[in-house]
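Student: I am attaching a structure below and will ask some questions about it afterwards.
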Amino acid sequence: MKEFNGKQIRQFVLEKVPTVTWILIVMMVYFSVSNSNFLTLDNAANLCRQGAILLILCLGVIVVKITGGIELSNGAVMSLCGMVMAWVMVNLNLPPFLAIIVSMIVGILFGTLNGVFVTFMGIPSFVATLGTQGIAVGLALGMNNGNVIGGLPEGFSAIGNGTLLNIPIPLWAIILVFVVTSVLLNKTPFGVYVYALGGNEEALKLSGKPAWLYKVLAYSYSGLTAGIAACILTSRNMAAQPTVGLGMEFEAFAGAVLGGSYIAGKGTALGGALGGIFILILRNGLNILGIPTYLQLAIFGTVLITAIVLSTLVERRVQKMRDEEREE
Amino acid sequence: MKKVRLLSIIALVIAFSVLVSACQPAAEAAPAEEAVAEEAAPAEEVAEEAAPAEALTFGLVTKALNNPFWEMVHEGSLEVAEANNVELLYLAPTKANNLEEQTRLVDDLIAKKVDGIVLVPVDSTGIVPAIERANAAGIPVALANTNAGGGEVVTFSAVENYDAMKMLAEYAVETLGGKGKVIILEGTAGAQTAIDRKAGVDDTLANYPDVEVLASQTADFQRAQGLTVMENLLQAYPEIDAVIACNDEMALGAVEALDAAGRLADTMVFGFDGNNDALKAVSEDRMVATCFQNPQMQGGDAVQALIDYIAGKEVPARIQTTAILVTKDNIADFADKIAAAE
C-alpha cells in the first residue's frame, strides 16, 4: 500500500472537506464561549426544527447549482405547496399523509416546469425560475384571496413539532433528504450526468446521451425538496401563509454556494447541507447574542463574503497542488 | 501558503469577534463587564447567576425593519424598559412581514431563555405555535399592535384596527361631502392588520352609494410601492377625488406620485398610523388626515404589562390604545413629532 505523506493528507483534507466546515467550527466555538445558551440541547432541537426548511431547500438547490443553473423559485413554490396542502386538508378533509404527497407533487410539477423552460425553450435558468416564482406567488395569493389557511387537523402538528425515537421529526427529514441527495449524486447515473452537465454540457450532448432528461430531473428534484420543506413549514405554523417562503431562495442559494458549488460541475450534498447549517447557525447565534437585526445583516454579509473568499482561496490552492502533482 | 491560510483564518476570527462584540447591546451598558466576559466566559455565567432577579431581559419582535412605525414601537418599548432596568433585545425579520423568519426569531429568543417576549405577530394564525412554544418554555408573551388567534398571552396592547379605520373612512366620506371617486391602497395581502383595515374601509364605504371606488390595490404597506401603484392608477383615472391608504407609508408614496403629476391639489390623501412623516404631511396640507395609533404607547404598555406580570401584579387582558384622528384642526398637538421628522 502506498504511504501517504503530510502533503497528500493535507491535499486530501482540503479537497474533501468543504472549507465552510472550518469557519463553521470557529463560529460555533465563538458563540458557545460568548453565550451559555447557545450550546444547549434546547437550542440544538430548536435549530433542527427551524433549520430543516432551509437545509432541505439547500440540498435541492445544490443539485441545480451543480448543473450550472440558478434556482430562484423554490421559496415561492414552497409557499404554494403549503397553501395547496392546507387547502386539501381543510376543504377536502384529506388526511395529512395524503396532503404531504399532494405537496410533493405540486413541488415536482413546478420544478419540472422550470426544467422544461430551461431545457426546451433555452430560457436562462435565472429568468425561468424568476418567472415560475411569480406564477407560484400569484397562485398562492389567489388561492384564498391573500388570506392565511388555518384550522389544520391536530395531528398534522407532529411533522414540525413532534419527535420520533426522541429525535425531532424535522431532523429525520433532513437526514432522509441528505441521504437521498448523496446517493443520487454519487451512486446513480443521474449524478454522473448532473456533474457532466455542469462540467461540459456540450460534450455531454455530443455524446448522444439524453442530457435534457437529467437537466429537467435536476430541477424537478429541487421542486420536490420545496414540497418537502413546505410540509415542515406549514406544520410548524399550523397554517399556510401565501408569502411565507419569499426570500428563502436567496438564503438557500447562498447556502449552496457556500457549500462549495460556486463553480458549475462542483459541489456535494454534504457541502450543500453545511452551507445551509452555516447560514442557520450564524443567524441563530447572532440572535442569541442579542445583536440588533440591522447590524446582523451587515455582519451576515461580511461573514458570507469572507467565507466565500476563503473557499475560493482553498479551491485555488487545491488546484495548484494538483498541477504540481501532475508535473512531478 | 499554509501561513497565508492560517493568517486569513485568524483575521476572520478577529474581524468577526470585533464586529460581534462591538454590536452587542450589553457593551453599551457595561463595558467593563463585557471585557471580562470576553476574556473568560465562565465569569459571565457567574455574573448571570449571581443577579437573576434584578436585571430582566426581554425580547421585542416586530414585523419589519423598513417601516418607521415599528421603530416607534421599539422606541416606546425601550423607554419603558430602560426606566425599569430591563434589557430589551430588538429583532425583526429581514424580509418584511415574513412569518417563517419571525417564527425563527421567537424560537431563538426561547432558546436564549429571555424573561419575556413582546411580539407583534406578522400573522395572527401562523404565529400561534410559536407562542405555544414560548408558553411551554414558561416565557410570558405580550402582544402589541396585532392580535394572535391562540396561545396564552399576558396582554394585547393595540388600537382596534377595524374601528379606527372606520373612523378614518367616515371622516374621509364627510370631507368628500358624501360622494366622489376614491382609490384604496391596501396593505400586504394576507397580513392581519391589512385585512382588518380593509374591512373597516369597505364596510364604511358600503353605506355611501355615491362614493365610487375606482380601484382597490395593494401597495404592500411600503412607500416605494405606494408611489408606483399610484403612478399607474394616475394613468388609468383622469379624475380621482381621494386616496384612502391603509397605512401612512403608502399614503406618502401616493402623495409623491400625485405631486409629481401636479394633481395633489385635486386629490385628498388619507393615511393611517400617524408616523412622523405623515403628521408633517398633514401639517403641510399634503395629506388631509391620518389616524394616530400611538405606536410608542402600544410597545411601552406591552413592556409594562410584562414587568407587572412577572412582579405578580394583575394585568388586563386587553390594553386599548386610543386612536386619534389627526386633521388640520388638532395637528398642533403633534408639534414635537413633526419636529422629529425634520
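The values are calculated or read from the model by the stated rules, or taken from the named source; none is laboratory data. Quantities reported herein were computed from a predicted structural model and do not represent experimental measurements. Cβ placement follows ideal geometry from the backbone for every residue including glycine, while neighbour counts extend to all protein chains displayed.
Student: For the range B:157-170, does any single residue satisfy the condition of being buried (at least 22 other Cβ atoms within 10 Å of the Cβ) and part of a strand (DSSP E or B)?
Tutor: yes
Student: Right, next: Determine whether the range B:176-189 contains at least one residue that is closer than 30 Å to B:Glu239 by Cβ, assigned to a helix (DSSP H, G or I) and modelled with pLDDT under 95.
Tutor: yes
Student: Another question about this same structure. Anything in the range B:80-105 that is within 16 Å of the chain's Cα centre (by Cα), in a helix (DSSP H, G or I) and in contact (Cβ under 8 Å) with a residue 40 or more places away in the chain? List them, or say none.
Tutor: Result: B:Gln102, B:Leu105.
Student: Condition first: among the charged types (D, E, K, R), buried (at least 24 other Cβ atoms within 10 Å of the Cβ) and away from every other protein chain (no Cβ under 14 Å). Now tell me which residues in the range A:209-265 satisfy that.
Tutor: Correct list: A:Lys215 only.
Student: For the range A:293-303, check the following and say yes or no: at least one residue is modelled with pLDDT under 85, within 11 Å of chain B (Cβ to nearest Cβ), under 16 Å from A:Thr19 (Cα atoms) and in a helix (DSSP H, G or I).
Tutor: Yes.
Student: Now, a different point. Filter the range A:309-328 for residues that are within 22 Å of the chain's Cα centre (by Cα) and buried (at least 17 other Cβ atoms within 10 Å of the Cβ); which is nearest to the other protein chains (Cβ to nearest Cβ)?
Tutor: A:Leu310
Student: Filter the range A:46-69 down to residues that are over 12 Å from the mean Cα position of the chain (by Cα) and farther than 29 Å from A:Gly162 by Cβ and give me whichever is nearest to the other protein chains (Cβ to nearest Cβ).
Tutor: First, pick out the residues of the range A:46-69 that are over 12 Å from the mean Cα position of the chain (by Cα): A:46-50, A:66-69.
Adding the requirement that they be farther than 29 Å from A:Gly162 by Cβ leaves A:66-69.
Working: A:Ile66: 26, A:Thr67: 27, A:Gly68: 27, A:Gly69: 23 Å.
Out of the qualifying residues, it is A:Gly69.
Student: Here's another thing I want to ask about it. So for the range B:91-100 (the condition being more than 7 Å from every other protein chain (Cβ to nearest Cβ), crowded, with 24+ Cβ neighbours inside 10 Å and aliphatic (A, V, I, L, M)), does at least one residue qualify?
Tutor: Looking for residues that are more than 7 Å from every other protein chain (Cβ to nearest Cβ), crowded, with 24+ Cβ neighbours inside 10 Å and aliphatic (A, V, I, L, M), one finds none in the range B:91-100, hence no.
Student: Please list, ordered by first then second residue, the pairs with beta carbon atoms under 7 Å, 6 or more apart or interchain, first in the range A:62-81 and touching a residue at least 60 places away in the same chain (Cβ under 8 Å) and basic (Lys, Arg), second part of a helix (DSSP H, G or I) and crowded, with 24+ Cβ neighbours inside 10 Å.
Tutor: What qualifies is A:Lys65/A:Ala256.
Student: With A:Leu54, A:Leu47 as the choices, which residue is in contact with an Asp or Glu (Cβ under 7 Å, 6 or more places away or on another chain), among the aliphatic types (A, V, I, L, M) and under 20 Å from B:Asn98 (Cβ atoms)?
Tutor: Result: A:Leu54 is the single residue among A:Leu54, A:Leu47 that is in contact with an Asp or Glu (Cβ under 7 Å, 6 or more places away or on another chain), among the aliphatic types (A, V, I, L, M) and under 20 Å from B:Asn98 (Cβ atoms).
Student: Do we have A:Leu39 as free of Cβ contacts under 8 Å to residues at least 60 places away in the same chain, away from every other protein chain (no Cβ under 14 Å), not polar (S, T, N, Q) and not in a helix (DSSP H, G or I) here?
Tutor: No: the conditions fail for A:Leu39.
Student: Just to be sure before I move on: is A:Gly198 small (Gly, Ala, Ser) and surrounded by fewer than 16 Cβ atoms within 10 Å (Cβ to Cβ) in the structure I sent? Steps first, please.
Tutor: Details: small (Gly, Ala, Ser): yes; surrounded by fewer than 16 Cβ atoms within 10 Å (Cβ to Cβ): no.
No, not satisfied.
Student: Quick one: in the range A:258-282, which of the residues that are within 17 Å of A:Tyr219 (Cα to Cα) and in a helix (DSSP H, G or I) is nearest to the chain's Cα centre (by Cα)?
Tutor: That would be A:Gly272.
Student: Let me ask something else about it. Regarding A:Leu109, is this residue more than 27 Å from A:Gly271 (Cβ to Cβ), more than 14 Å from every other protein chain (Cβ to nearest Cβ) and in a helix (DSSP H, G or I)?
Tutor: yes
Student: Just the residues that are over 30 Å from A:Gly138 (Cα atoms) and free of Cβ contacts under 8 Å to residues at least 60 places away in the same chain, please, taken from the range A:264-285.
Tutor: Within the range A:264-285, no residue meets the criteria.
Student: Of all residues in the range B:70-98, how many are polar (S, T, N, Q), under 20 Å from B:Lys113 (Cα atoms) and touching an Asp or Glu at 6+ places or on another chain (Cβ under 8 Å)?
Tutor: Number satisfying all stated conditions: 1.
Student: Given the condition exposed (fewer than 13 other Cβ atoms within 10 Å of the Cβ), under 22 Å from B:Thr193 (Cα atoms) and of a type outside the set (Ser, Thr, Tyr), answer yes or no: does some residue in the range A:146-158 qualify?
Tutor: Yes, there is a match, as at least one residue in the range A:146-158 is exposed (fewer than 13 other Cβ atoms within 10 Å of the Cβ), under 22 Å from B:Thr193 (Cα atoms) and of a type outside the set (Ser, Thr, Tyr).
Student: Continuing with the same structure: Name the residues in the range B:122-147 that are away from every other protein chain (no Cβ under 11 Å), buried (at least 23 other Cβ atoms within 10 Å of the Cβ) and in a loop (DSSP other than H, G, I, E, B), would you?
Tutor: Selection gives B:Asn145 alone.
Student: Within the range A:44-52, is there a residue that is of a type in the set (A, V, I, L, M, F, W, C), in a loop (DSSP other than H, G, I, E, B) and touching a Leu at 6+ places or on another chain (Cβ under 6 Å)?
Tutor: No - not one qualifying residue is present in the range A:44-52.
Student: Can I ask one more? So if I check each of B:Met287, B:Met230, B:Met297, which one is farther than 23 Å from B:Trp70 by Cα, at pLDDT 90 or above and either among the hydrophobic types (A, V, I, L, M, F, W, C) or part of a strand (DSSP E or B) (or both)?
Tutor: The conditions single out B:Met230.
Student: How many of the residues making up the range B:201-227 are surrounded by 19 or more Cβ atoms within 10 Å (Cβ to Cβ) and part of a strand (DSSP E or B)?
Tutor: Total meeting the criteria: 2.
Student: State which residue is surrounded by the most Cβ atoms within 10 Å (Cβ to Cβ) when the search covers only the range B:281-319 and only residues that are among the basic types (Lys, Arg) and without any contact (Cβ under 8 Å) to a residue 60 or more places away in the chain. Walk me through how you get there before you give the answer.
Tutor: Within the range B:281-319, the first condition is being among the basic types (Lys, Arg), and the residues that meet it are B:286, B:313, B:318.
Next cut, without any contact (Cβ under 8 Å) to a residue 60 or more places away in the chain only: B:286, B:313.
Working: B:Arg286: 17, B:Lys313: 9.
My answer is B:Arg286.
Student: If you don't mind, another one. Restricting attention to the range A:117-146, and to residues there that are outside any helix (DSSP H, G or I) and touching a Pro at 6+ places or on another chain (Cβ under 8 Å), which single residue is farthest from the other protein chains (Cβ to nearest Cβ)?
Tutor: By that ranking, first place goes to A:Asn144.
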